[in-house]
Amino acid sequence: MPIHLFYGDEAYLRQRALEKVKTTLIDPAFATLSYQRLEAPAIQPLLEALSATYLCFGCNIVIEVRGFS
């Protein structure tokens, strides 16, 4: 499972890179299964989101994590 990390001072560049990944990888027909956004998650919800990726049956998964410390 590839993991992409977007980090840097320029928020618009991070957002642009994320949008490109989302439009490239996410099939609109499976968007509700393929994309999840987590705001400042504890480690347990993050691990649960990562382990639940098998539910999509071959589609790409994008999990956006913001504010993780």
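The values are calculated or read from the model by the stated rules, or taken from the named source; none is laboratory data. Treat the numbers as computed from the prediction; the structure is a model and nothing was measured. Cβ sites come from the backbone with ideal geometry, for glycine too, and all protein chains shown count toward neighbours. We work out accessible area using only protein heavy atoms, side chains counted, and drop any ligands, DNA or RNA first. Shrake-Rupley method; radii C 1.70, N 1.55, O 1.52, S 1.80 Å.
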>> Ignoring everything except DSSP H segments at least 4 long, calculate the 222 nm mean residue ellipticity for the chain; use -39,500 (n - 2.57) per segment, divide by total residues, nearest 500.
In response: -11500 deg cm²/dmol
> If you rank Tyr7, Tyr35 by how much accessible surface each has, with a 1.4 Å probe, what is the order from largest down?
Replying inline: Tyr7, Tyr35
>> Give me the 1.4 Å probe accessible area per residue for the chain, excluding ligands and nucleic acids, in Å².
In response: 80
> If you wrap a convex hull around the C-alpha atoms of the chain and split its volume per residue, what is the figure in Å³?
Replying inline: 92
> Measuring from label point to label point, each 7 Å out along Cα→Cβ, what is the Ala42 to Lys20 span in nm?
Replying inline: 3.7
> Pro41: net charge of surrounding residues, Cβ under 14 Å, Lys/Arg +1, Asp/Glu -1, itself excluded?
Replying inline: -1
>> Residue by residue through the stretch 22-30, what is 3J(HN,Hα) from phi via Karplus (6.51 cos²θ - 1.76 cosθ + 1.60, θ = phi - 60°)? Round to whole Hz and write x for glycine and proline.
In response: 4, 6, 7, 9, 8, 7, x, 5, 10
> Can you pull the percent of the chain's accessible area that's carbon plus sulfur, 1.4 Å probe, other chains left in place?
Replying inline: 60
